[in-house]
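Undergrad: Attaching a single structure in structure tokens format; questions to follow.
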Amino acid sequence: MEIKNPLAKSIVWIILLIWGVAVLYPLLWTLLDALKNNEQFFLNAPWALPKYPLLWSNFSYVWSKYNFSTYFLNSIIVTAGSTLLGMILAAMTAYILARYDFKGNKIIFTIYISSMMIPFALALIPLFFLLNDLQLINTWLGLILVYAALNLPFGIFLLVGFYKSLPKEIEEAAIIDGTSHYGTFFRVMLPLSQPGLITVMITNMLNNWNEYFLGVVLTNEPTKYTLPIGLAVMQAEMQYRVEWGPLFAGLLITTLPTLIVYIIFQRQIASGITAGAVK
């Protein structure tokens with residue numbers, strides 16, 4: 001919808017400018033504080049500009065002393081594995097529920113959607129004992145499977161609506177040409193669902209990268225910690241003397257990857273959600 005009234009357009013731009021400043025200011029403030037030492041925090045206002053020389057060494061200090069290199073690698077492995085697995089399972093399940101009529105179809109879909117309303121804390125204890133029996137505590141595989149399962153209902157919910165919006169003539173033409181059901185899905189329908197898949201991928205990635213609660217419960221070895229847990233461990237290790245500059249540097253290292261990914265794929269996320277909402 002295009003706004004033609006100059007006054008209304010100016011008001012919209014002012015609102016968007018204020019909103020942009022409100023969003024970017026915390027990130028800028030975090031970066032500036034990451035370049036300070038404790039003396040600057042205590043002798044100057046916390047929101048004051050850092051003094052020269054800028055302490056870029058805070059980032060390398062956090063990366064090496066507080067094992068952020070290990071935490072970063074763990075987060076990449078767990079996030080990539082769980083996001084990919086969850087996206088594939090969601091796409092295959094959603095395609096079957098959207099394009100095939102069989103007895104119990106709506107019941108299965110309702111169960112998946114209803115699971116989104118169940119507080120996860122209720123299943124935490126049984127989940128812990130189940131993973132313990134399977135010897136998946138303190139493993140990447142355990143976190144990958146749990147994260148993928150948690151993201152599955154939302155992915156199915158979004159992709160079912162997307163697959164229903166695609167014309168049936170497309171897959172009928174593929175079947176007439178001799179393509180199998182598997183070939184129709186992987187060679188025809190899956191590429192067409194790219195906007196929805198990107199939305200599911202980014203949403204799952206953001207959730208998995210920032211997840212803290214399950215990571216604390218299912219891992220107790222420092223070598224398996226992800227970044228959110230590592231940041232909390234770093235703050236706990238500081239105890240009575242908090243190193244504010246390195247702490248903000250660690251926070252920025254944890255936040256920056258998700259911010260970059262969201263900026264790159266923001267258009268695809270919006271288009272995927274819109275496409276999935278149209279039947």
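Undergrad: Mind checking whether some residue in the stretch 64-79 is within 18 Å of the chain's Cα centre (by Cα), farther than 30 Å from residue 186 by Cα and hydroxyl-bearing (Ser, Thr, Tyr)?
TA: Looking through the stretch 64-79, at least one residue is within 18 Å of the chain's Cα centre (by Cα), farther than 30 Å from residue 186 by Cα and hydroxyl-bearing (Ser, Thr, Tyr).
Undergrad: Write out, first by first residue and then by second, each pair whose Cβ atoms fall under 9 Å of each other, whose residues are 6+ apart or on separate chains, and whose first residue, in the stretch 89-115, is under 16 Å from residue 154 (Cα atoms) while the second is in a loop (DSSP other than H, G, I, E, B) and open to solvent by less than 70 Å² (accessible area, probe 1.4 Å).
TA: Listed by first residue and then by second, the contacts come to 91/193; 94/193; 95/193; 98/166.
Undergrad: Moving on. Need pairs with beta-carbon distance below 8 Å; first residue modelled with pLDDT under 80 and within the stretch 225-240, second crowded, with 22+ Cβ neighbours inside 10 Å and not charged (D, E, K, R); sequence gap 6+ or separate chains.
TA: 237/66
Undergrad: How many residues does the stretch 179-224 contain that are part of a loop (DSSP other than H, G, I, E, B) and open to solvent by 30 Å² or more (accessible area, probe 1.4 Å)?
TA: 6
Undergrad: Can you work out which of the residues in the stretch 90-148 that are open to solvent by 60 Å² or more (accessible area, probe 1.4 Å) and among the basic types (Lys, Arg) is farthest from residue 229 (Cα to Cα)?
TA: Here is the first cut: in the stretch 90-148, the residues open to solvent by 60 Å² or more (accessible area, probe 1.4 Å) are 92, 96, 100-103, 106-108, 110-112, 116-122, 125-126, 128-130, 132-135, 140-141, 145.
From what's left, among the basic types (Lys, Arg): 103, 106.
On the way: 103: 44, 106: 39 Å.
Per the criteria, the residue is 103.
Undergrad: What pairs can you find where one residue is in the stretch 137-158 and more than 18 Å from residue 126 (Cβ to Cβ), the other is part of a helix (DSSP H, G or I) and among the charged types (D, E, K, R), and their Cβ atoms are less than 7 Å apart, with a gap of 6+ or different chains?
TA: 138/224
Undergrad: Any residue at all in the stretch 25-36 that is touching a Gly at 6+ places or on another chain (Cβ under 9 Å), open to solvent by less than 100 Å² (accessible area, probe 1.4 Å) and either in a helix (DSSP H, G or I) or hydroxyl-bearing (Ser, Thr, Tyr) (or both)?
TA: yes
Undergrad: Let me ask something else. On the given criteria, is residue 76 more than 23 Å from residue 252 (Cα to Cα) and without any contact (Cβ under 8 Å) to a residue 24 or more places away in the chain?
TA: no
Undergrad: OK, next. Identify all residues within the stretch 225-240 that are part of a helix (DSSP H, G or I) and open to solvent by 60 Å² or more (accessible area, probe 1.4 Å); write none if there are none.
TA: Residues satisfying the conditions are 235, 236, 237.
Undergrad: Another question, then. Within the stretch 121-137, which residues are in a helix (DSSP H, G or I) and hydrophobic (A, V, I, L, M, F, W, C)?
TA: Hits for the stretch 121-137 are 121, 122, 123, 124, 125, 127, 128, 129, 130, 131.
Undergrad: Now for a different question. Of everything in the stretch 46-68, what is open to solvent by 50 Å² or more (accessible area, probe 1.4 Å) and part of a helix (DSSP H, G or I)? Give them in sequence order.
TA: Within the stretch 46-68, 57, 60, 61, 63, 64, 65 meet the criteria.
Undergrad: Of all the residues that make up the stretch 139-161, how many are under 17 Å from residue 201 (Cβ atoms) and either part of a loop (DSSP other than H, G, I, E, B) or out of contact with any Ser or Thr (no Cβ under 6 Å at 6 or more places or on another chain) (or both)?
TA: 11
Conditions (1) at pLDDT below 90; (2) among the aromatic types (Phe, Trp, Tyr), marked per residue:
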{"position": "54", "(1), (2)": "yes, no"}
{"position": "62", "(1), (2)": "yes, no"}
{"position": "69", "(1), (2)": "yes, no"}
{"position": "76", "(1), (2)": "no, no"}
{"position": "80", "(1), (2)": "no, no"}
{"position": "90", "(1), (2)": "no, no"}
{"position": "93", "(1), (2)": "no, no"}
{"position": "102", "(1), (2)": "yes, yes"}
{"position": "113", "(1), (2)": "yes, no"}
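Undergrad: Yes or no: residue 83 under 20 Å from the mean Cα position of the chain (by Cα), touching a residue at least 40 places away in the same chain (Cβ under 8 Å) and under 30 Å from residue 243 (Cβ atoms)? I'd like the intermediate steps shown before the answer.
TA: Working: under 20 Å from the mean Cα position of the chain (by Cα): yes; touching a residue at least 40 places away in the same chain (Cβ under 8 Å): yes; under 30 Å from residue 243 (Cβ atoms): no.
Criteria not met by residue 83.
The values are calculated or read from the model by the stated rules, or taken from the named source; none is laboratory data. Given the structure is predicted, the values throughout are model-derived calculations rather than measurements. Don't worry about glycine lacking a Cβ; one is built from the backbone with ideal geometry, like all the others, and counts go over all protein chains shown. All accessible areas refer to the heavy atoms of the entire protein, side chains included, with ligands and DNA or RNA removed. Shrake-Rupley method; radii C 1.70, N 1.55, O 1.52, S 1.80 Å.
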